[in-house]
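A.B. asks: I have a structure I would like to understand better, so I am pasting it below and will then ask my questions one at a time.
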Amino acid sequence: MSEIKRESIEYDVVIVGAGPAGLSAAIKLKQLDANLQVVVLEKGSEVGSHIISGAVLDPIGLDKLIPNWKDMNSPIKTKVKEDKFYFLGPAGGIRIPNFLMPPLMSNHGNYIVSMSKVCRWLAVQAEQLGVEIFPGMACSELIYGTSNELKGVIAGEFGKDSDGKPGPMYEPGMEVIGKYVFIAEGVRGSLAKKIIANYDLSKNSDYPKFGIGIKEVWEVKSEKHKEGQVLHTMGWPLGNSTGGGSFLYHGSDNQVYIGFVVHLNYKNPYLFPYKEFQKFKHHPFICNLLDGGKRIEYGARAISEGGIQSVPKLSFPGGVLIGCSAGFVNVPRIKGNHNAIISGIAAAEAAYFALNNGRSNDSLVEYENKIMKGPVFQDLSPVRNVKPLWSRLGLFLGITLGAIDMWFASIFRKNLFGTLNHKYPDHSSLEPASKFKVINYPKADGKISFERLDNVSFSGTSHSDGQECHLKLKDDTVPIKFNLPNFNEPAQRYCPAGVYEVLQNNETSKSKFQINYQNCVHCKTCDIKDPSQNITWITPQGGEGPNYSTM
């Protein structure tokens, strides 16, 4: 594609991704210098349309960014009033007393929010300061300088045919050049993945670790709604050996945010994260709440779970990784938005300092230092061993020792167990299907639980027909020749949107691997969990994918 001619536009700072990290960086840059030229490029059809999070927001980052946000008619209004933690069994549960939980687990002072709405509000604040925001502008390629420094991105390329070549309606997009480029794509972003590989940013880091988070928004009966209540559970239906749990947050207007997380280091290829979630909703604690209510929205997204051990080098020639592109989620707290905002602020301050000193396209080591010595790593450090202990020892012993380690770190400012490593990447954890039995999941009832494609229709997902498939196979033969006989092709199950199917030809008895890319909700699970690492997620045309409104 090198022969394609594109127009070019230059900015001081180019930000890829209009999530909490990218928007916070843009706002801070303009607060520091109103004359800076700042642009935010967002692949969703509008700001917030690709944002999905729990979410209970710790306002620590927002307090720093916009100190008077409470007086600005923001969508952040529902204070957490009640915090509950449960170990679930099939028919009941045991509540964990709050006094046993480490202080950092408390949600006192936090807010139940829709991050889709929060990001739309942040975008308004950014635009009022003069930030240029362009939704529907997917960034498909990176632009490097002569010294291998990142110079910019190619944004807004449309109209490729299914073979990846320009079609009759082809638009080449534009070269968007910056003195610095902030990568704020979220978890497992396609550009971040290339940058990490190009600069070997993970050379001194542990394996990245991930979970799949699946979420529904419900409107429940008013008499069942408890605005401000936060509920987290572990245990059933996953059992001791598979990591994960649930969240259930009572927001405003009788809405409930309910979600289920499965750690992607599970071993059983027959495990079906989506159906585990649907099964979970039939627990008496949950179905009694949802009975008589209605589902409003559905979505799914990978979650970074590696913690401080897995954070890559954050700066590179010409740019930085911020937010979930860097992996700043606090796994036990199930929170990352506060760290995303703080990282955006830190990146903006570092870039402002560099630009004021006549620098450009070099490494912003100041940003890296701010993160490592500041509140982000202070937040992640005490919880560093929870994920490794859970993965090694299972739910009961792992969580118990993890809690002890967090308590020790809270009191003595260091971890009892030092820093435990992650033993393997998530894609290598699957064991042969021959070791396991098929899991027979209950059939969806259409009231509390739903089939995948039914739920996908509540995500607003849309992709134009005839375009290049954004889910790339390195080797087309691997799914049938290797994954199917060894793992019963787990893509059929780990995808929460029914993108992957194995079709059987009854006449020839041959199997075919089919990719229904139109269903994709951009969760990136396939890019992470495929045991052969044969699937690569790339960005489709801008504006396509899910269209979340209340996530």
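The values are calculated or read from the model by the stated rules, or taken from the named source; none is laboratory data. Not measured: the values here are computed from a predicted model. Note that we place each Cβ from the backbone using ideal geometry, even for glycine, and neighbour counts take in every protein chain shown. Side chains included, ligands, DNA and RNA excluded: accessible areas come from the protein's heavy atoms. Shrake-Rupley method; radii C 1.70, N 1.55, O 1.52, S 1.80 Å.
A.B. asks: Cross-link candidates for Lys529: which aspartates and glutamates have Cα within less than 15 Å, leaving aside residues fewer than 8 places away along the same chain?
C.D. replies: Glu305, Asp426, Glu431, Glu489
A.B. asks: Return the lysines within reach of Lys221: Cα separation strictly under 28 angstrom, same-chain partners fewer than 8 residues apart disregarded; answer none if there are no such residues.
C.D. replies: Filter leaves Lys77, Lys79, Lys81, Lys84, Lys117, Lys275, Lys279, Lys281, Lys294, Lys335, Lys443, Lys447.
A.B. asks: Find how much the distance from Thr508 to Phe412 grows on full extension, using 0.36 nm per residue of separation minus their present alpha carbon separation; answer in nm with one decimal.
C.D. replies: Stretched out fully, the Thr508 to Phe412 stretch lengthens by 27.9 nm.
A.B. asks: If you take the beta carbon distance between Lys224 and Ser434 as r and set R0 to 45 Å, what does 1/(1 + (r/R0)^6) give as a FRET efficiency, to the nearest 0.05?
C.D. replies: 0.50
A.B. asks: Ignoring everything except DSSP H segments at least 4 long, calculate the 222 nm mean residue ellipticity for the chain; use -39,500 (n - 2.57) per segment, divide by total residues, nearest 500.
C.D. replies: -7000 deg cm²/dmol
A.B. asks: Suppose we flag GluC sites (Glu not before Pro) only when DSSP calls them loop and at most 12 other Cβ atoms lie within 10 Å. Which is the longest uninterrupted stretch of the chain?
C.D. replies: 4-506
A.B. asks: Related question: May I ask which of Lys209/Lys474; Lys193/Lys472; Lys209/Lys423 have a Cα-Cα span longer than 18 Å here?
C.D. replies: Lys209/Lys474
A.B. asks: So what is the accessible area of the range 236-395 per residue, in Å², with the probe set to 1.4 Å?
C.D. replies: For the range 236-395, the solvent-accessible area averages 28 Å² per residue.
A.B. asks: Taking only the alpha-carbon positions of the range 231-278 and ignoring solvent, what does the Debye formula give for the base-10 log of I(q)/I(0) at q = 0.19, 0.22, 0.24 Å⁻¹?
C.D. replies: Cα-only, vacuum Debye calculation for the range 231-278: -0.62, -0.76, -0.86.
A.B. asks: Straight-line reach from Lys435: which lysines fall under 18 Å, measuring Cα to Cα and dropping same-chain residues less than 8 apart?
C.D. replies: Lys267
A.B. asks: Mind checking the range 378-420 for trypsin sites (Lys or Arg not before Pro) that DSSP puts in a loop (not H, G, I, E or B) and that have at most 15 other Cβ atoms within 10 Å?
C.D. replies: Qualifying residues, ordered by number: Arg413, Lys414.
A.B. asks: Give me the percent of the accessible area of the chain that comes from carbon and sulfur atoms, probe 1.4 Å, all protein chains in place.
C.D. replies: Taking all protein chains in place, the chain shows 52 percent carbon and sulfur surface.
A.B. asks: OK, next. Using a 1.4 Å probe on the protein heavy atoms only, what accessible surface does Ile448 show? Give it in Å² to the nearest 10.
C.D. replies: About 10 Å², rounded to the nearest 10.
A.B. asks: Which option, (i) 176; (ii) 149; (iii) 160, is the value of volume of the Cα convex hull per residue in Å³ that was calculated from these coordinates?
C.D. replies: Only one listed value fits the structure, namely (ii).
A.B. asks: Would you please state the base-10 log of I(q)/I(0) at q = 0.15 1/Å for the range 199-299, with intensities from the Debye formula using one equal scatterer on every alpha carbon?
C.D. replies: Here log10 of I(q) over I(0) equals -0.65.
A.B. asks: Could you give the length gained on full extension between Asp253 and Asn421, defined as 0.36 nm per residue of separation minus the Cα-Cα distance, in nm?
C.D. replies: Taking Asp253 through Asn421 to full extension adds about 56.2 nm, to one decimal.
A.B. asks: In Å², and per residue, what accessible area does the range 88-222 have when probed at 1.4 Å with the other protein chains present?
C.D. replies: Using a 1.4 Å probe on heavy atoms only, each residue of the range 88-222 averages 43 Å².
A.B. asks: With a 10 Å radius around each residue's Cβ, average the other Cβ atoms per peptide and rank 328-339, 106-117, highest first.
C.D. replies: Listed from highest to lowest mean packing, they are 328-339, 106-117.
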